[in-house]
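Q: Input: one structure, supplied below.
The values are calculated or read from the model by the stated rules, or taken from the named source; none is laboratory data. Source: prediction; values computed, not measured. Reconstructed Cβ throughout: ideal geometry from the backbone, glycine too, with neighbour counts over all protein chains shown.
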Amino acid sequence: MLSAGGSFGELAVQCLILILAMAMGLALYRLPLAGLAGIRRRRRAAAEARQYFIHGAQLLARARSAPPGSSAALSHARSALEEADRAVAADPRDAAAHILRSAALELQGRRAPAIRALDAALSPPAARSLASSERADALTQRAGLRLAVAEGTGRRRERTLDAAVEDLTEAVRESPKNVRALSLLGQCYQEKGMTQEARRAYESALAEDDSLVNIREALRRLPIEPW
């Protein structure tokens, strides 16, 4: 009886091991399939987003080539915004779609939402899709929009200048030869009364592009500080 019981116990253990092995094998088989399905979905979404982005970029180019403020410019800008919205919905992790959205909003004179679109582009997870030069351009664009929104004087302007300097300093760090970032940084420093910093920024911009007449004039107008 003991021998029969022992044989039965061993058989039960072996059956249990076999069942566990089959269950583990099935789980391991399903895991790669689930991963592949996820990759396919992401690729499909990315492909759709790219199509929307390309169409939106074409519409944006038409809006920019039309006379500023014309009905054609506004119509193309609105259509570009619709395509950008579709691209963002398809793949919100693609910063390019947010940047396109910002540009379309700016053409419509909607600067505040344009800034928010750039905020999304420069924040995770979308920011990870940007190269250094692209990040620098987006930071520079956001700084320019911030300065345009908060024109005038007062504490709000001071806070805006500080935020713009922060963006532009980072932009120059990411892309040291970014002429627009250097030029805007010089203007911010000049407005803040930081003459030496403004001079360095202007000179750096002119070192990259000596045809910038407005920057050369701004540099000439800077007061000469005593040693």
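Q: Of these, A163, A171, which one is surrounded by fewer than 19 Cβ atoms within 10 Å (Cβ to Cβ), touching a residue at least 12 places away in the same chain (Cβ under 8 Å), under 30 Å from L100 (Cβ atoms) and under 23 Å from the mean Cα position of the chain (by Cα)?
A: Of the residues listed, the single one that is surrounded by fewer than 19 Cβ atoms within 10 Å (Cβ to Cβ), touching a residue at least 12 places away in the same chain (Cβ under 8 Å), under 30 Å from L100 (Cβ atoms) and under 23 Å from the mean Cα position of the chain (by Cα) is A163.
Q: Do we have any residue at all in segment 206-227 that's aromatic (F, W, Y), buried (at least 18 other Cβ atoms within 10 Å of the Cβ) and either farther than 26 Å from I99 by Cα or outside the structural domain of R110 (by TED's automatic domain parsing) (or both)? Steps first, answer last, please.
A: Taking segment 206-227 first, the residues aromatic (F, W, Y) are 227.
Remaining after also requiring buried (at least 18 other Cβ atoms within 10 Å of the Cβ): none.
No, segment 206-227 contains no residue that is aromatic (F, W, Y), buried (at least 18 other Cβ atoms within 10 Å of the Cβ) and either farther than 26 Å from I99 by Cα or outside the structural domain of R110 (by TED's automatic domain parsing) (or both).
Q: Does any residue in segment 174-190 that is farther than 17 Å from R142 by Cβ come within less than 8 Å, Cβ to Cβ, of a residue that is among the β-branched types (V, I, T) six or more places away or on a different chain, and which pairs are these?
A: G186/I215; Y189/V165; Y189/T195
Q: Now a separate question. Give the residue that is surrounded by the most Cβ atoms within 10 Å (Cβ to Cβ), with candidates limited to residues of segment 114-160 that are of a type in the set (V, I, T) and touching a helix residue (DSSP H, G or I) at 6+ places or on another chain (Cβ under 6 Å).
A: In this case the residue turns out to be T140.
Q: Moving on to the next point. For the list (1) part of a helix (DSSP H, G or I); (2) of a type outside the set (G, A, S); (3) touching a Lys or Arg at 6+ places or on another chain (Cβ under 9 Å), I need the number of the one condition that E197 fails.
A: (3)
Per-residue answers, yes or no, for (1) in the same structural domain as A136 (by TED's automatic domain parsing); (2) closer than 13 Å to L145 by Cβ; (3) touching a Ser or Thr at 6+ places or on another chain (Cβ under 8 Å); (4) crowded, with 19+ Cβ neighbours inside 10 Å:
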{"site": "Q51", "(1), (2), (3), (4)": "no, no, no, no"}
{"site": "A77", "(1), (2), (3), (4)": "no, no, no, yes"}
{"site": "A87", "(1), (2), (3), (4)": "no, no, no, yes"}
{"site": "A112", "(1), (2), (3), (4)": "no, yes, no, no"}
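Q: Suppose we filter segment 58-105 for residues that are out of contact with any Pro (no Cβ under 9 Å at 6 or more places or on another chain) and either in contact (Cβ under 8 Å) with a residue 60 or more places away in the chain or not hydrophobic (A, V, I, L, M, F, W, C) (or both); how many remain?
A: Of the residues in segment 58-105, 19 are out of contact with any Pro (no Cβ under 9 Å at 6 or more places or on another chain) and either in contact (Cβ under 8 Å) with a residue 60 or more places away in the chain or not hydrophobic (A, V, I, L, M, F, W, C) (or both).
Q: Still on this structure, please answer the following. How do the helices (runs of 4 or more DSSP H) wholly within segment 106-183 filter down when requiring 2 or more residues that are modelled with pLDDT of 95 or more and closer than 30 Å to S75 by Cα: which remain?
A: Correct list: 111-121, 132-149.
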